[in-house]
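Colleague: Before I ask anything, here is the structure I am working with.
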Amino acid sequence: MRSFTMALDQKSQESPDRTLRKGRLGVIGIVFFVVAAAAPLVGMTGAVPVAIVLGNGAAAPGAYLFAGIILLLFSVGYAAMSQRVTNTGAFFAYIGRGLGRNAGIAASFVSVLAYLTIQLAIYGFFGGVMAGQVGLLPWWGWTFLAWIVVTALSLARVDVGAKLLGVLMLAELTVLVIAAVAILIDGGPEGLNWAASFSPDLILAGGLAGSAGIAFAFAFASFIGFEATAIYGEESKDPKRAVPRATYLAVGLITVLFAFTAFALVTGMGASNVIEQTLERSAGLEDPAAVLFTLASEYVGPWLATLMSILVLSSLFAGLLAFQNAASRYLFALGRGGVIASSAGTVNGRGAPGRASLIVSIISGVVMFLFAVFQLDPIGNMFFWFSGLAVVAIVLIEALVCIAIIRFFLQNKGTENIFVTLIAPILAFIGLVLAEYLLMSRFGLLAGDLTLAAGVDPTVTAFGLNAFGWFLVLSPFIVLIIGFVVSLVRKNLNEELLQDVIS
């Protein structure tokens, strides 16, 4: 493995059109992209009610807190390694440094799959919600309009997108905090019952193979996108300080927001009747967003519910832009390293990865076109299939990053303490492996009925997938193997640039 110093020396010799524009983002700008990717308002209106009913009831907030703690442990080693690795490759750069070039390239294929599919999932959800709430156009018409705007913004300077996301994110967080604070101040019908939501025995009630496992699966799925802090390291003003700070800030903010707001929902309905109330308010989970909206109306006013319904759409759009940027920067790093066409590794006059962004848009546009032609449902099919696949892919890569961090610091001793370099990554790895099992075993709940074998109840039976369901859930592992093979057989990789990314 070449030294980190040599990597920086060779990087300085790159031509300008192969280097992302530096100094465009600060800590807050990076956090905007990451929290926007997590789409907290969408998670609160979609995932949390399902986690309450199918999962561990009033203890669902505790599941979100537990997931956040695992990812904070992951962030300890991740942030420490960001002091040594700074580029747009993020996860696969870390894996490559720790586990070697072949593993890094294999991971890059899975990462691209994850970001492409989660963006497609959001396109489907956005189009479906717009068609339902606004009308005027079919779902694919709304997704096409969003696709045009997202593509245009991704070709602009990265700080332009950050400013837009900042406005949307602050509005989103504000309405969630207003609703949560109002409910908690009132106390709801039963008062604040912290034990019902955060007692370990209640969080684990039903077992990991049962209701607790379902809640954990939805909780981990809600955090997708937090790892994108390192993707913007090359464009940040001070990457060695910005990336660690942004990582801790983003994960901490998302964790507190989900746990705090979910606890407010439970309080507003009453811990003892939360499942029945959630089912009643959501018409049997047919409209899970109605849970938050009705509570906002009761405890604050109808105006807040109306505003939330609008901000759900802006939250989805913010997620589209965040994942467009993430996927394009992965492809940029692969192009710059010679893994894919080198043209993908160039930047435009605004310092953005223009060709990589266009590749992402072309792929997403083709898939959306096929869904429209074959009249597949934008939410029931596109959203559920691709979001389930994406979260399995991301957690797989996160687990590999933990192993890479451990091996990297064993081979590259520094001033970091043993908790940072060994204990935290091991604990995170255990938690992520558990999360991956839960996500895969409950994949039918995440991906929808068309992935289930005939007669299977996914709330009772783990796995129980049909052939299509198995294909989706195993796709990240298949792509990982394909990427490894590609790395083995490719002989014309640009070593001078590739070593900066993954060796």
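Colleague: Pop out the carbon and sulfur fraction of the accessible area of segment 324-386 as a percent, whole number, probe 1.4 Å.
Modeller: 72 percent
Colleague: Then there's this: In segment 249-308, what percent of the accessible surface is made up of carbon and sulfur (1.4 Å probe, ligands and nucleic acids excluded)?
Modeller: 63 percent
Colleague: List the residues of segment 380-408 whose backbone N lies under 19 Å from a point placed 7 Å from the Cα of Phe369 along the Cα-to-Cβ direction.
Modeller: 382
Colleague: Please list, ordered by chain and number, the residues whose modelled amide H lies under 5 Å from the amide H of Leu465; skip anything fewer than 5 residues away on the same chain.
Modeller: Ala453
Colleague: Cα centroids of segment 305-378 and segment 165-212: how far apart, whole angstrom?
Modeller: Taking the Cα centre of each part, segment 305-378 and segment 165-212 sit 32 Å apart.
Colleague: Using a 1.4 Å probe, what is the accessible area per residue for segment 101-220, in Å²?
Modeller: Heavy-atom accessible area per residue stands at 37 Å².
Colleague: Next question, about the same structure. For Ser199 and Gln83, calculate 0.36 nm times their separation in residues minus their Cα-Cα distance, and state this gained length in nm to one decimal.
Modeller: Stretched out fully, the Ser199 to Gln83 stretch lengthens by 38.1 nm.
Colleague: Sort Ile397, Ile178 by heavy-atom solvent-accessible area, probe 1.4 angstrom, most to least.
Modeller: My answer, sorted largest first, is Ile178, Ile397.
Colleague: Expected output is a single nm value to one decimal: the length gained when fully extending between Arg241 and Ile430, i.e. 0.36 nm times separation in residues minus the C-alpha distance. What is it?
Modeller: Full extension from Arg241 to Ile430 adds 65.3 nm.
Colleague: Counting only heavy atoms of the protein chains, get the accessible area per residue of segment 361-503 (1.4 Å probe) and round it to a whole Å² value.
Modeller: Dividing the accessible area of segment 361-503 by its residue count gives 45 Å².
Colleague: Probe radius 1.4 Å, ligands and nucleic acids ignored: give me the carbon and sulfur share of the accessible area of segment 69-159 as a rounded percent.
Modeller: 76 percent
Colleague: What length, rounded to one decimal in nm, is gained on full extension from Val149 through to Ser272, with 0.36 nm per residue of separation minus their alpha-carbon distance?
Modeller: Between Val149 and Ser272, full extension yields an extra 39.7 nm.
Colleague: Using the beta-carbon distance between Ile403 and Arg490 and R0 = 41 Å, what value does 1/(1 + (r/R0)^6) give for FRET efficiency, to the nearest 0.05?
Modeller: According to the calculation, E is roughly 0.95.
Colleague: Please give, to one decimal in nm, the separation of the simple spin-label points placed at Ala454 and Asp186, each 7 Å out from Cα toward the Cβ.
Modeller: Computed distance between label sites Ala454 and Asp186 equals 4.9 nm.
The values are calculated or read from the model by the stated rules, or taken from the named source; none is laboratory data. Keep in mind the model is a prediction, meaning the values are calculated, not measured. Positions of Cβ are generated from backbone atoms using ideal geometry, with glycine treated the same way; all protein chains shown enter the neighbour counts. Ligands, DNA and RNA are stripped out before the accessible areas are found, and what is left, the full protein with its side chains, is counted by its heavy atoms. Shrake-Rupley method; radii C 1.70, N 1.55, O 1.52, S 1.80 Å.
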